[in-house]
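Each remark here refers to the structure printed beneath this line.
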Amino acid sequence: TSHPPRHTRTTPSLPVPSSVRRPDASPPMRSPAMSDYQSFGGPGPAPASPLARRLRRKWTLLLMASVAVILCITVAPGASTPAIFSTLTSRSMQGRTTSYVIPHPGVVGLSRRQHKTKIHSDASTAMGPNTKVRLETEIDRKGRKRIAYRASGWNKWRWKGNNINYIQSGEEGTPILFVHGFGAHAYHWRYQIPELSKKHRVYSLCLLGYGWSDKSTTAPYSAEFWATQVADFIRDVIGEKTVLVGNSIGAVTSLAAAAQYPDLVNGLVMVNAAGKFGDMEPDKTGELKPKDPKCQKKNPFVKAAEEFGKDVVASGIFYSTRFRIPQILKQVYADKDQVDDDLIKSISSAALDPNALGTFQGLYRAPFRGGLTVNKMMSMLPQDMRVLLLWGQQDPWMQPEKADQIMKVCDQYGLQCDYVPLDAGHCPQDDNPTALNENLMSWTQTHFP
């Protein structure tokens, strides 16, 4: 099967206490350099230490950033925002008041009330260590088959003391593992699971902190951390080398797994990959190190202040975007009609978890953790590993130039990479599932029949 050619693109003042003045006394004289407290007889503030001045500057910047983020989200409804975890509270739906969280603007599709024409059980069953779930599928209004929403989730797998949810379908063929993006879940691959399971054993995983998986407030979330989860899942559940397919941060997680555990992965598909690009440089030993001074070792007090500041920003994003959910969702989809009640419901359960806010604060720090860039991880891949890039050309966040950069790294290291541009936004698997399924099936059948 031939593949499309590579696509290239080039201190407020204090009031005067009456107790400090005599009725017949005039107000004390003060110089412009005196503080209000000094003018009332106070000793004045002690000179600030260099560390205190640094902390004060950082606190000011962090507070300004928090205010800017909140204003951007709540005041400017037409502005583009990088917030990818949104909370909706007290939204009226069909006369009911509900409260739910929408982590990712890419997890939307068609209204179930508008398009569902039938539901039936799939012939294959999803087996897990603790559960046995029979998949149900449905046909949308465009005649496309997908798995039906299941409020209780699917299979469970225990990992590091946590319950991890996943979907399984298919009886034979090279296994494929789908890894979702930031804020999404295993159900985001609802259109791919029934189609790819015709020729492959298919798995779709909820990463720790997302979907129906447990919400840990202490896990060190990062692409490398989730890569260990992916690797352990392949060992414990799948049991053989697997093709990884990831979207957004799930793509960079899949890349990290392929780079660090190449004995478990025989193919890699990245769909509008997120991650760090080109922000590393070699040191004297040739090892890549962060150029950004923020990544270097810091004073523990400064680090604690910065972590607290990130929590403030994360909390602002978590609580203040609830009035802009439709706009945020539509920003990253080319097909604006792909709005789905089931996907909204599938994500809403996150808000009911008592650890929802703490988990999101940890997830928000994920991009700041880890030292590996996309460039570095690509250089770690075996040269015989097949790589496919499927990229929505209308993605406002991960523009096609990112794919061009990855293709240049492929050429630099002699990797076997194919690139297919798609008419879609940030999440082509739900935005334009037909095109993605056709290209993915063709590629897997060519290299992993």
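Gln168 falls short of the stated requirement of being within 20 Å of the chain's Cα centre (by Cα), modelled with pLDDT of 90 or more and buried (at least 21 other Cβ atoms within 10 Å of the Cβ). Restricting the first member to the range 175-187 and to residues that are within 14 Å of Leu388 (Cβ to Cβ), and the second to residues that are in a loop (DSSP other than H, G, I, E, B), the beta-carbon pairs closer than 9 Å and six or more apart or on different chains are Ile176/Gly170; Ile176/Ser197; Ile176/His200; Ile176/Arg201; Ile176/Phe448. Taking (1) surrounded by 24 or more Cβ atoms within 10 Å (Cβ to Cβ); (2) outside any helix (DSSP H, G or I); (3) among the aromatic types (Phe, Trp, Tyr) in turn, Trp212 satisfies each apart from (1). Return yes when Gly183 is surrounded by fewer than 21 Cβ atoms within 10 Å (Cβ to Cβ) and either of a type outside the set (Asp, Glu) or not in a loop (DSSP other than H, G, I, E, B) (or both) and no when it is not. It is false that Gly183 is surrounded by fewer than 21 Cβ atoms within 10 Å (Cβ to Cβ) and either of a type outside the set (Asp, Glu) or not in a loop (DSSP other than H, G, I, E, B) (or both).
Taken over the range 191-224, the criterion of being at pLDDT 95 or above and over 18 Å from Lys156 (Cβ atoms) is satisfied by Tyr191, Gln192, Pro194, Glu195, Leu196, Ser197, Lys198, Lys199, His200, Arg201. Checked across the range 143-165, the condition of being open to solvent by 10 Å² or more (accessible area, probe 1.4 Å), assigned to a strand (DSSP E or B), more than 22 Å from Ser254 (Cα to Cα) and modelled with pLDDT under 90 holds for no residue. Among residues of the range 361-380 that are under 18 Å from Gly250 (Cβ atoms) and open to solvent by less than 10 Å² (accessible area, probe 1.4 Å), those with a beta-carbon under 7 Å from a residue that is at pLDDT below 75 and among the small types (Gly, Ala, Ser) at least six positions away or on a different chain give the pairs Thr373/Gly278.
Here the condition is being farther than 18 Å from Ala223 by Cβ and either touching a Gly at 6+ places or on another chain (Cβ under 8 Å) or among the hydrophobic types (A, V, I, L, M, F, W, C) (or both); of Asp411, Asp384, Asp395, Asp404, it holds for Asp395 alone. Name every residue in the range 399-424 that is part of a helix (DSSP H, G or I) and open to solvent by 70 Å² or more (accessible area, probe 1.4 Å), in order of residue number. Of everything in the range 399-424, those that are part of a helix (DSSP H, G or I) and open to solvent by 70 Å² or more (accessible area, probe 1.4 Å) turn out to be Glu401, Lys408, Asp411, Gln412, Tyr413. Lys118 fulfils the conditions (1) buried (at least 17 other Cβ atoms within 10 Å of the Cβ); (2) modelled with pLDDT under 95 except for a single criterion, (1).
The values are calculated or read from the model by the stated rules, or taken from the named source; none is laboratory data. Quick caveat: nothing in here was measured; it's all calculated off a predicted structure. Positions of Cβ are generated from backbone atoms using ideal geometry, with glycine treated the same way; all protein chains shown enter the neighbour counts. Protein only, heavy atoms only, side chains kept; ligands, DNA and RNA dropped before computing areas. Shrake-Rupley method; radii C 1.70, N 1.55, O 1.52, S 1.80 Å.
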